[in-house]
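The structure under discussion appears below in the form of structure tokens.
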Amino acid sequence: PRAARRFAGRTTAAVAARAGHWRFQEALAGLFDLPPAVWDWAGARTTLCRCEGVDRARVERALDDGHAGVNAVKRNSRAGMGVCGGRSCLRTLAALSGAADPAPMNARPGIRPVPLAVLANRVGGGGAA
């Protein structure tokens with residue numbers, strides 16, 4: 001019982017601290033909202049996803065093809081598939097797709113394709129990869 005009370009005291013403080021951090025994040029989020037007129041400045045060749053080099057024309061083509069929502073645009077344009085995982089372009093894609101709130105993109109696995117020859121060399125004890 002004593003350890004449980006001590007644990008409860010620690011978790012209560014941690015939960016309160018986390019709530020404070022979330023309030024701070026919510027207050028900051030409004031500072032990063034794009035003004036509606038920003039789309040008047042962005043042309044077809046304006047890069048929206050720096051990691052993958054996806055421009056506005058490519059994203060709009062995906063939207064015109066009926067791919068609604070950030071995950072569908074991601075699958076069909078590669079925007080958000082880069083190293084940052086959409087942290088840089090998510091709000092932009094959400095704004096262009098008409099999403100009221102940028103829902104998280106589906107996670108990108110932290111793996112990379114490996115040539116079969118490399119696997120064969122490692123499994124068979126052959127040469128170095």
* Asked: Residue check, R87 against (1) open to solvent by less than 100 Å² (accessible area, probe 1.4 Å); (2) among the charged types (D, E, K, R); (3) at pLDDT below 85, all met but one. Which one?
  -> (1)
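Would you be able to tell me the number of residues in the stretch 90-103 that are at pLDDT 70 or above and open to solvent by 90 Å² or more (accessible area, probe 1.4 Å)? So that I can check it myself, show each step before the final result.
So the first thing to find is which residues in the stretch 90-103 are at pLDDT 70 or above, and the list is 90-99.
When the remaining residues are screened for being open to solvent by 90 Å² or more (accessible area, probe 1.4 Å), the result is 91.
So the answer is 1.
Being part of a helix (DSSP H, G or I) and touching a strand residue (DSSP E or B) at 6+ places or on another chain (Cβ under 7 Å) is the filter here; which residues of the stretch 61-92 pass it?
Narrowing the stretch 61-92 to residues part of a helix (DSSP H, G or I): 61-64, 70-77, 90-92.
Within the stretch 61-92, S77, T92 qualify.
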* Structure fact -> Over the stretch 1-39, the set of residues at pLDDT below 80, closer than 30 Å to A99 by Cβ and either touching a His at 6+ places or on another chain (Cβ under 8 Å) or open to solvent by 100 Å² or more (accessible area, probe 1.4 Å) (or both) is F32, P36
* Asked: Pairs, please: C-beta under 9 Å, at least 6 apart or cross-chain, first residue on the phi < 0 side of the Ramachandran plot and in the stretch 71-87, second charged (D, E, K, R) and buried (at least 24 other Cβ atoms within 10 Å of the Cβ)?
  -> M81/K74
* Asked: Of the conditions (1) more than 20 Å from the chain's Cα centre (by Cα); (2) of a type in the set (A, V, I, L, M, F, W, C); (3) assigned to a helix (DSSP H, G or I), L31 fails just one. Which one is it?
  -> (1)
* Structure fact -> Checked the stretch 51-83 for anything open to solvent by 50 Å² or more (accessible area, probe 1.4 Å), within 15 Å of M105 (Cβ to Cβ) and of a type in the set (D, E, K, R); matches are E52, R75, R78
* To do: Given the conditions (1) over 17 Å from L90 (Cβ atoms); (2) modelled with pLDDT of 90 or more; (3) open to solvent by 100 Å² or more (accessible area, probe 1.4 Å), report the number of the one that A44 does not fulfil.
  => (3)
* Asked: Pairs, please: C-beta under 6 Å, at least 6 apart or cross-chain, first residue closer than 30 Å to G43 by Cβ and among the basic types (K, R) and in the stretch 96-123, second open to solvent by less than 90 Å² (accessible area, probe 1.4 Å) and at pLDDT 80 or above?
  -> R108/G85
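The values are calculated or read from the model by the stated rules, or taken from the named source; none is laboratory data. Predicted, not measured: the structure shown is a model, and the values here were computed from it. Backbone-built Cβ (ideal geometry, glycine too); neighbour counts: all protein chains shown. In case anyone asks, the SASA skips ligands and DNA or RNA and just uses the protein heavy atoms, side chains included. Shrake-Rupley method; radii C 1.70, N 1.55, O 1.52, S 1.80 Å.
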